[in-house]
Amino acid sequence: MMSRRPTIALLECSKSYWTLIGQCTQCGHCKKACESLTAADMTLGEIARALLEAERASTTPEELAANIGANPALVQAVRGCFLCTSCKNTCFAHNDVCDLIHAARVDFQRLGLIPRECWSSVLVDQEWDIFTAYRAVHGIYYQDLTRHRAWGEGPDGIPAATDCEVAFFPGCSLASYGPELTREIFATVEELGGKTTLIDSCCGSSLKSAGFYDRAEALCDRIAEEIRSSGARELVCVCPGCANAMRAALERNGLGHVEVIGLAAFLTAHGFTPKRELPDGPIFMSKSCSDRDGSCLEETCGLLGFEGQPPTIFNGCCGAGGAVSAFQPERQAAQADSKLSFAPDGSTVVTMCPTCTYTYAFRMMESPRAIANKHYAELLFESSFDWDTVFSNLNGMWYGEYGAWLAQVLG
Ligand code: SF4
Ligand code: SF4
């Protein structure tokens with residue numbers, strides 16, 4: 001009888017699935033720790049096994065896509081993952097959920113199992129994505145701060161700087177939605193650390209969530225080259241997720257001598273004093289999923305003066321992780337609600353990642369509550385996000401003179 005086993009592997013990332021199966025005892029702890037895995041009734045090991053079984057039952061990519069698509073539990077487990085790593089913390093084998101889900105998303109993307117409308121506006125390695133479009137439509141530019149690039153030509157042109165001390169990486173949400181705050185932080189970083197250049201790119205996390213892992217790494221490699229050409233020996237990141245991605249990219253590109261440091265740690269090292277009093281009322285620190293070892297949280301608490309009196313800490317995802325909102329938007333809202341439900345009226349929730357701040361702000365616009373939502377930088381500097389304006393701008397740009405252009409470049 002002819003074997004149905006394909007001679008060419010249909011799954012690009014089967015090695016990751018075999019590795020996970022080899023390390024999984026099927027204890028079930030991960031499933032119990034996760035609402036999405038519980039809904040799918042699958043452990044991480046079973047996700048890997050189901051993918052390989054679907055491959056064995058298929059002879060063509062189309063057949064494999066149909067077999068995976070016909071398994072709603074598997075689709076739920078892969079596309080419904082926030083990449084929050086709560087399950088990993090319960091796994092005695094420390095199985096890496098991010099490796100597994102990123103690999104599965106790569107295969108889903110190749111097989112056409114993630115619809116284009118889920119990622120077309122967040123291709124952050126292209127000229128236009130939702131962030132660059134927002135900045136262009138609303139006149140947010142940083143040419144004067146992006147010194148590692150040359151601007152203009154001839155006698156009036158400004159050559160690229162190669163003598164920077166520091167590169168500052170605000171991340172896509174802060175650079176787009178908080179331009180005054182971005183500029184204020186930049187000025188402080190330069191004052192404290194010497195000549196600085198702005199890296200105004202995204203770290204590529206949205207590409208990874210959409211199954212474009214290699215493109216995300218290539219984007220970070222390009223940023224690493226920008227840092228090399230700037231001469232900077234220190235990279236200051238606001239978000240722990242950007243710091244993780246750039247640490248790996250710098251290492252990959254032979255730039256391990258460039259120190260990646262969180263903003264709070266950088267400010268502390270330079271004797272910075274916060275420009276604001278702490279807000280009244282209880283403070284709830286929202287730990288970022290990407291702040292795996294809690295160092296960003298700890299450094300921020302230290303800078304804000306919480307050592308002796310630690311504030312309450314939220315763990316778990318804000319709802320933005322893993323682009324789950326593109327698959328099950330109601331789960332992003334439920335996740336944000338679940339975290340914010342711990343904050344009593346009159347308290348302030350303080351986030352580490354500006355995308356978490358955005359996510360809570362969006363949820364509180366939909367469902368107002370009597371709490372304040374601040375990124376940690378807003379407790380340190382005078383400038384703030386103005387979320388009412390941001391959401392009005394975001395909504396408005398799809399209409400009027402830019403609507404057709406946006407639909408064309410992001411559609
Ligand atoms: S990372 Fe979070 S959402 Fe994903 S499977 Fe683990 S616990 Fe569930
Ligand atoms: S917790 Fe770890 S070992 Fe247990 S089922 Fe999940 S992945 Fe496997």
- Message: among the small types (Gly, Ala, Ser) and surrounded by 17 or more Cβ atoms within 10 Å (Cβ to Cβ): is that true of ALA150 in this structure?
- Response: no
- Would you point out which residue out of ARG135, ARG79 is touching a helix residue (DSSP H, G or I) at 6+ places or on another chain (Cβ under 8 Å) and assigned by TED's automatic domain parsing to the domain that holds LYS32? ARG79
- Item | Candidate set: the range 43-63, residues that are acidic (Asp, Glu) and more than 16 Å from ligand 1 (Cβ to nearest atom); chosen: the one nearest to CYS13 (Cα to Cα) | GLU55
- Exactly one of ALA65, ALA77 is aliphatic (A, V, I, L, M) and surrounded by 20 or more Cβ atoms within 10 Å (Cβ to Cβ), and that one is ALA77
- Count of the range 63-102 residues which are part of a helix (DSSP H, G or I), small (Gly, Ala, Ser) and more than 14 Å from ligand 2 (Cβ to nearest atom): 4
- Message: Just to verify a result, which residue in the range 126-144, among those that are modelled with pLDDT of 95 or more and touching a Lys or Arg at 6+ places or on another chain (Cβ under 9 Å), is surrounded by the fewest Cβ atoms within 10 Å (Cβ to Cβ)?
- Response: TYR141
- Message: Tell me whether the range 164-178 contains one or more residues that are assigned to a helix (DSSP H, G or I), within 16 Å of ligand 1 (Cβ to nearest atom) and surrounded by 16 or more Cβ atoms within 10 Å (Cβ to Cβ).
- Response: no
- Task: Determine whether HIS29 is farther than 23 Å from ALA326 by Cα, of a type outside the set (Ser, Thr, Tyr) and either in contact (Cβ under 8 Å) with a residue 40 or more places away in the chain or more than 11 Å from ligand 2 (Cβ to nearest atom) (or both).
- Result: yes
- Subset of the range 276-325 (residues that are closer than 15 Å to TYR376 by Cα and in a helix (DSSP H, G or I)): SER295, CYS296, LEU297, GLU298, GLU299, THR300, CYS301, GLY302, LEU303, LEU304
- Kindly provide the set of residues from the range 364-380 that are free of Cβ contacts under 8 Å to residues at least 40 places away in the same chain and buried (at least 22 other Cβ atoms within 10 Å of the Cβ), ordered by number. ASN373
- Message: Could you check the range 343-364 and list, in sequence order, the residues that are within 18 Å of THR389 (Cα to Cα) and touching a Phe, Trp or Tyr at 6+ places or on another chain (Cβ under 6 Å)?
- Response: ALA361
- Would you check if ASP125 is within 16 Å of ligand 1 (Cβ to nearest atom) and of a type in the set (Asp, Glu)? no
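The values are calculated or read from the model by the stated rules, or taken from the named source; none is laboratory data. Here the structure is a predicted model, which means the values were calculated and not measured. Quick reminder, even Gly has a Cβ in these numbers, built from the backbone with ideal geometry, and neighbours come from all protein chains shown.
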